[in-house]
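Worksheet: one structure, shown below.
The values are calculated or read from the model by the stated rules, or taken from the named source; none is laboratory data. What you are looking at is a predicted structure, and each value in this text was computed from that prediction instead of being measured. We place every Cβ from the backbone using ideal geometry, glycine too, and count neighbours over all the protein chains shown.
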Number of protein chains: 2
Amino acid sequence: MSKDKPVENETGTAGTDFMHGLAIDAVIFGFHDHQLKVLLMRYNKTGVVALPGGFIHKKENLNDAANRIVSERTGLKDIYLEQFYVFGDHGRSDPQPMKDILTANNIKHDDNHWLLQRFISIGYYALVDFTKVVPKPDTIFDSCDWYDLTAIPKLMQDHNSIIQKALCSLRSDLDNKLIAFNLMQEEFTLGDLQILYETILDKKLLRPAFQRKMLSLGILERVAKKWTGAAHKAPYLYRFSKNI
Amino acid sequence: MSKDKPVENETGTAGTDFMHGLAIDAVIFGFHDHQLKVLLMRYNKTGVVALPGGFIHKKENLNDAANRIVSERTGLKDIYLEQFYVFGDHGRSDPQPMKDILTANNIKHDDNHWLLQRFISIGYYALVDFTKVVPKPDTIFDSCDWYDLTAIPKLMQDHNSIIQKALCSLRSDLDNKLIAFNLMQEEFTLGDLQILYETILDKKLLRPAFQRKMLSLGILERVAKKWTGAAHKAPYLYRFSKNI
DNA sequence: TTATTATTGTAACATTGTGTTACAATAATA
DNA sequence: TATTATTGTAACACAATGTTACAATAATAA
């Protein structure tokens with residue numbers, strides 16, 4: 001619940017191209033090395049910070065809308081997205097922050113402005129490499145940036161709890177849906193993979209157990225080549241088996 | 001996506017009290033003995049069969065709406081509900097069956113009638129004892145009944161796949177969220193519990209392993225009393241520990 | 001060339017969780 | 001008192017995972 005084209009139309013009648021009362025909020029997790037971050041937007045002037053979000057075109061599939069919204073902010077196409085929950089409490093939408101934002105941006109509105117009405121928000125999460133993303137704000141945001149998971153400010157509405165729920169879902173999906181593999185290169189070492197697991201789960205894993213588990217999945221294929229680099233034994237590279 | 005008060009208003013302008021374009025579909029699983037069923041509604045005259053569903057009042061929490069909708073059909077209050085997925089593909093709502101239903105019931109409508117528009121549907125599932133439920137149809141349904149899971153007819157729209165997804169969610173939640181315990185009496189035997197598990201998972205479980213697992217959860221308390229009845233050793237009764 | 005260093009791959013064992021078999025304990029009935 | 005069916009649980013098998021140990025390297029330093 002945050003932004004999109006309709007805001008550019010200042011009459012308050014915009015958004016007729018969108019489904020009413022319905023929004024998508026995207027929790028875009030950014031990973032690199034040992035860091036896990038979340039992409040957040042800050043609204044012009046008011047300083048309100050919120051999840052990136054958007055609305056659903058009347059003829060657009062839900063998952064397509066989520067993909068479009070994430071693309072708009074990250075520039076990345078076809079990244080892995082998972083719908084994790086719908087936030088629909090009536091009390092969740094305090095209209096005041098949005099009022100302030102509209103006022104600060106000189107957007108005409110009365111109390112019936114559609115952005116001030118109740119929204120039901122569908123939560124999606126994504127996982128990307130934040131070094132490959134140049135976040136893209138637009139007119140009504142003065143920033144769109146990565147925040148460390150441990151340093152998230154008070155967000156608009158219930159966005160803090162949305163992030164918490166997304167994180168829980170990500171962690172419990174990690175084994176079931178093999179989400180981590182969406183973030184690996186074509187070829188990667190088991191060490192790379194382990195770092196991602198450790199960062200998402202926020203705990204150390206023991207190497208032998210981790211390797212055994214990953215290899216027992218039966219989806220990895222050892223590439224004959226080896227790594228180059230440092231003063232120690234080189235790890236093997238792996239890729240996904242093609243015979244599956 | 002199926003029915004509710006607005007249908008009683010035949011002008012086609014009804015439903016302004018509800019959120020637009022948004023519906024709840026409820027997969028109400030009914031259990032008893034070794035049977036697992038689903039509650040389905042059949043529309044008057046047309047014979048179209050669908051999941052019970054409804055809409056969300058503009059000032060109503062999502063979970064409250066789901067609870068209300070399930071109550072309306074089952075008469076049960078405060079039963080366990082779990083939101084499991086949102087179905088939002090644009091193509092999922094073929095308006096024809098609903099047109100036929102409106103026509104057959106002499107409800108005036110044109111192609112812009114709100115019931116013929118696109119709906120995004122939030123899926124909830126519930127688990128109840130079907131012997132404790134007297135299903136309640138209403139004016140535009142000629143039946144509201146329990147269907148065995150193995151004998152579900154072709155349903156309206158994507159309702160067959162909604163049931164499949166609900167069943168998958170129920171099965172995978174069974175251990176994580178301890179859903180089965182919501183259906184147990186105050187006091188129950190481990191045999192009772194095992195029958196429920198076997199019915200939901202549709203497979204036999206071995207008694208010693210099942211008992212060990214349930215007891216190791218640390219949430220059960222053996223009641224000193226024993227069962228009465230048949231010509232063999234009586235099982236113990238259990239209840240939830242109060243010191244948790 | 002050889003020793004050093006850090007890190008990898010994996011063997012080996014411990015622990016836990018679960019699948020399976022076996023059997024004693026019992027509650028009614030014959 | 002014997003019979004019958006079913007329960008509670010011990011005992012073992014096996015799989016998954018936690019943990020320790022160590023040989024196999026790949027670069028660097030000697």
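If you go through region A:217-230 and pick out every residue that is near DNA strand D (Cβ under 7 Å from one of its atoms) and either touching a residue at least 24 places away in the same chain (Cβ under 8 Å) or in a loop (DSSP other than H, G, I, E, B) (or both), you end up with 3. When the residues of region A:214-228 are filtered to those that are under 19 Å from A:Glu186 (Cα atoms) and small (Gly, Ala, Ser), which remaining residue is modelled with the highest pLDDT? It comes out as A:Gly218. Looking at region A:222-234, which of the residues that are more than 10 Å from DNA strand C (Cβ to nearest atom) and surrounded by 10 or more Cβ atoms within 10 Å (Cβ to Cβ) is nearest to the other protein chains (Cβ to nearest Cβ)? Residue satisfying both the conditions and the ranking: A:Val223.
Farther than 29 Å from A:Ser169 by Cβ and surrounded by fewer than 14 Cβ atoms within 10 Å (Cβ to Cβ): which single residue out of B:Leu237, B:Leu178, B:Leu190, B:Leu215 fits that description?
B:Leu215
Checked against (1) among the hydrophobic types (A, V, I, L, M, F, W, C); (2) in contact with a strand residue (DSSP E or B) (Cβ under 6 Å, 6 or more places away or on another chain); (3) more than 11 Å from DNA strand C (Cβ to nearest atom), A:Leu201 passes all but a single condition, namely (2). The residues on offer are A:Lys77, A:Lys37, A:Lys58, and the sole one that is basic (Lys, Arg) and over 16 Å from the mean Cα position of the chain (by Cα) is A:Lys58.
So for region A:115-126 (the condition being more than 14 Å from chain B (Cβ to nearest Cβ) and on the phi > 0 side of the Ramachandran plot), does at least one residue qualify? Within region A:115-126, none of the residues are more than 14 Å from chain B (Cβ to nearest Cβ) and on the phi > 0 side of the Ramachandran plot.
In region A:182-198, the residues that are under 11 Å from A:Pro235 (Cβ atoms) form Cβ pairs under 6 Å with partners that are near DNA strand C (Cβ under 9 Å from one of its atoms) and among the polar types (S, T, N, Q), at six or more places apart or across chains, as follows: A:Leu190/A:Gln211.
For B:Arg212, state whether it is more than 14 Å from chain A (Cβ to nearest Cβ), over 30 Å from B:Tyr43 (Cβ atoms) and within 12 Å of DNA strand C (Cβ to nearest atom).
Criteria met by B:Arg212.
Among the candidates A:Lys165, A:Lys177, A:Lys203, the residue that is away from DNA strand D (no atom under 16 Å from the Cβ), under 22 Å from B:Asn176 (Cα atoms) and within 28 Å of the chain's Cα centre (by Cα) is uniquely A:Lys165.
Looking only at residues in region A:44-64 that are within 14 Å of another protein chain (Cβ to nearest Cβ) and of a type in the set (A, V, I, L, M), the one that is surrounded by the fewest Cβ atoms within 10 Å (Cβ to Cβ) is A:Leu62.
Flag: B:Gln164 does not match the condition of being away from chain A (no Cβ under 12 Å) and at positive phi. Pairs only if they're at least six apart or on different chains, beta carbon under 7 angstrom, first in region B:204-216 and part of a loop (DSSP other than H, G, I, E, B), second near DNA strand D (Cβ under 10 Å from one of its atoms); list them, first residue then second. Short answer, once both residue conditions are applied: B:Leu205/B:Gln194. In region A:65-111, what residues are in contact (Cβ under 8 Å) with a residue 40 or more places away in the chain, part of a helix (DSSP H, G or I) and within 14 Å of another protein chain (Cβ to nearest Cβ)? Hits for region A:65-111 are A:Ala65, A:Ala66, A:Ile69, A:Arg92.
Results for (1) small (Gly, Ala, Ser); (2) over 21 Å from A:Phe84 (Cα atoms), shown as yes or no for each residue.
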| residue | (1), (2) |
| --- | --- |
| A:Thr150 | no, yes |
| A:Pro153 | no, yes |
| A:Leu170 | no, no |
| A:Lys177 | no, no |
| A:Glu187 | no, yes |
| A:Gly191 | yes, yes |
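Here is a yes/no grid of residues against (1) within 14 Å of chain A (Cβ to nearest Cβ); (2) within 16 Å of DNA strand C (Cβ to nearest atom); (3) aromatic (Phe, Trp, Tyr); (4) in contact with a helix residue (DSSP H, G or I) (Cβ under 9 Å, 6 or more places away or on another chain):
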site	(1), (2), (3), (4)
B:Ala180	no, yes, no, yes
B:Ser216	no, yes, no, no
B:Leu220	no, yes, no, yes
B:Lys242	no, no, no, no
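Collect the residues in region B:65-94 that are of a type in the set (Gly, Ala, Ser), surrounded by fewer than 19 Cβ atoms within 10 Å (Cβ to Cβ) and over 22 Å from B:Asp173 (Cβ atoms), keeping them in residue-number order. Within region B:65-94, B:Gly75, B:Gly91 qualify. Which one is farthest from DNA strand C (Cβ to nearest atom), of the residues in region B:144-162 that are assigned to a loop (DSSP other than H, G, I, E, B) and under 17 Å from the mean Cα position of the chain (by Cα)? Within region B:144-162, the match that is farthest from DNA strand C (Cβ to nearest atom) is B:Met156. Quick check, is A:Leu76 touching a Leu at 6+ places or on another chain (Cβ under 9 Å) and among the hydrophobic types (A, V, I, L, M, F, W, C)? It is false that A:Leu76 is touching a Leu at 6+ places or on another chain (Cβ under 9 Å) and among the hydrophobic types (A, V, I, L, M, F, W, C).
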